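Here's the structure, in structure tokens; my notes come after.
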Amino acid sequence: MNELFGLRRDAVKPRIASILWTDWPALLCLMCLPVIWLISAQLVLFRHDGSFTARAALMIAVPLSLVAGGLLVWRIVRIHRLFSRGQLLRAQITRVEVAMDRGRVEFAYDFGGHRVSSWTTVHKSKQVEALAVNQEIEVLVDSANPDNAIVRQLYL
């Protein structure tokens, strides 16, 4: 079907650095990891009454780090899975909204004879700022869940 649209899948894989810099939830999880440990360490070091021990800090930092790390891995795996199994389609950007350091890119594409609208949360970057409404882009769509898609070029 991709050949009908003039698209072809090549062996290109997303770069981890591009995922971490572009995917806002992944970047947030990555930033949370050192913050969790710094706050836990400060609680131990600066509580002079000794009520907060290193063991207590670990009881907080380890589970929170596992949650943040698990979500980070899930975001990376999700994007890799779309690159390896997703259907490559042409789409048109319908909205680009950037506020402060993050944004949302909305796009629409035809899938199975239906017009599907989707969106992705992104970190503000030159690539994101270069996107414009009505611009034609390539997206990778999850065939099992056609609402799940990403803008391919942002992760290369």
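Between VAL67 and ASN134, what FRET efficiency comes out of the Förster formula 1/(1 + (r/R0)^6) with R0 = 25 Å and r the beta carbon distance, rounded to 0.05? Don't skip to the answer; put the middle values down first.
On the way: r = 39 Å, r/R0 = 1.57.
So the FRET efficiency works out to roughly 0.05.
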**Nearest 10 degrees, 0 to 90: helix 54-85 Cα axis against the chain principal axis** = 10
**Message:** Can you tell me the length gained on complete extension of the stretch SER51 to LEU33, counting 0.36 nm per residue apart and subtracting the Cα distance?
**Reply:** 4.1 nm
**Request:** Please express the Cα-Cα pair-distance distribution P(r) of the chain as a list of whole percents, one per 5 Å bin, running from 0 to the bin with the greatest distance.
**Result:** 2, 9, 16, 17, 16, 11, 8, 6, 5, 4, 3, 2, 1, 0, 0
**Asked** Quick one: helix 24-46 against the long Cα principal axis of the chain, what's the angle to the nearest 10°, folded into 0 to 90?
**Response** 0
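Loop-only check: which trypsin sites (Lys or Arg not before Pro) in the range 47-105 are DSSP coil with at most 14 other Cβ within 10 angstrom?
Working: sites: ARG47, ARG55, ARG75, ARG78, ARG81, ARG85, ARG90, ARG95, ARG102, ARG104; in loops: ARG47.
Within the range 47-105, the qualifying trypsin sites (Lys or Arg not before Pro) (loop, at most 14 other Cβ atoms within 10 Å) are ARG47.
So, R0 is 41 Å and r is the distance between the beta-carbons of ASP147 and ILE60; what FRET efficiency does that work out to, to 0.05? Intermediate results must be reported in sequence, preceding the final value.
On the way: r = 36 Å, r/R0 = 0.88.
In this case the efficiency is close to 0.70.
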**Complete:** Expressed as a percent, the accessible surface of the range 34-156 that is carbon or sulfur, using a 1.4 Å probe and the full set of protein chains, is 60
**Item:** In order through the range 93-110: 3J(HN,Hα) via Karplus (6.51 cos²θ - 1.76 cosθ + 1.60), integer Hz, x for Gly, Pro
**Value:** 6, 9, 6, 10, 10, 10, 10, 6, 10, 9, x, 9, 10, 10, 8, 10, 8, 8
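Rounded to the nearest 500 deg cm²/dmol, what is the calculated helix-only ellipticity per residue at 222 nm for the chain, with -39500 (n - 2.57) per DSSP H run of length n ≥ 4?
Working: 4 runs with 66 residues, N = 156.
Rounded to the nearest 500, the figure is -14000 deg cm²/dmol.
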**Complete:** Residues whose modelled amide H sits under 5 Å from the amide H of THR94, counting only those 5 or more places away in sequence or on another chain, are GLU106, PHE107, ALA108, ASN134
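Residues of the chain: accessible area per residue at 1.4 Å, in Å²?
On the way: 9270 Å² over 156 residues.
Solvent-accessible surface per residue comes out at 59 Å².
The values are calculated or read from the model by the stated rules, or taken from the named source; none is laboratory data. Because the structure is predicted, anything quoted here is derived from the model rather than measured. Counting neighbours? That spans all protein chains shown, and the Cβs are built from the backbone with ideal geometry, glycine included. These area figures cover heavy atoms from the full protein model, side chains too; ligands, DNA and RNA do not enter into them. Shrake-Rupley method; radii C 1.70, N 1.55, O 1.52, S 1.80 Å.
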